[in-house]
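Computed from the coordinates by the stated procedures, all read-outs in this text should not be read as laboratory data. If you're wondering where the values come from, they're calculated on a predicted model, not measured in any experiment. Neighbour counts are summed over all protein chains in view; Cβ atoms, including those assigned to glycine, are modelled from backbone coordinates with ideal geometry.
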Amino acid sequence: MKLSKYLLAIAVLTVALTVSAEAHLDFVGAIPKQDVGNNSPPADLEALGQFVDTTGFVLCGNSDGPGFDFGNPITNPISVMAGSYLVIHYGKGNVKGGSPGGSLEIYHVVNGETSVDVPLKGTTGIANGGISSIREFCGPATAPDSGTTAMLLGSALAGLGLVRRYLKR
């Protein structure tokens, strides 16, 4: 009977963690590529800077660099750093009146994900062509404040206490 309680607790925990795991990108914004200049990491960092403070950001992934960080051709899912920003250059495609250089769409990797699916075609009215390049920028490392740390520790200890009490019955 005790073994079945342990197995049930493990199964419930596994299902809860699996259901909550969802590859997630937040759309930050898009701009015409012609507004930024050439297709280079510094130009893409400048474009990202129009939406977020890029102080301390570094290039941590580049589809054009040696090794093709995201594959060649780019296919889903791609491996990324949790919390990073993706600057994706899409070709013009067949959008009437769109930007001749295509668009830059910026996404934020959220929920601690390290593997995400990116749109393989532009999703804005600026351009809907395929991916030309992906640049991943990582910000300076941050640690949770002491209040958050204390809350997480307290929640974990309370959860362990409840599980222990439940399993003793």
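Phi angles across region 28-33 convert, under the Karplus curve 6.51 cos²θ - 1.76 cosθ + 1.60 with θ = phi - 60°, into 3J(HN,Hα) values of 9, x, 9, 9, x, 4 Hz, Gly and Pro given as x. In this rough spin-label picture, where each label sits 7 Å from Cα along the Cβ direction, the THR114-THR149 distance is 2.2 nm. For the peptides 24-37, 75-88, 152-165, residues were scored by their other Cβ atoms within 10 Å and the scores averaged per peptide; the highest-first order is 75-88, 24-37, 152-165.
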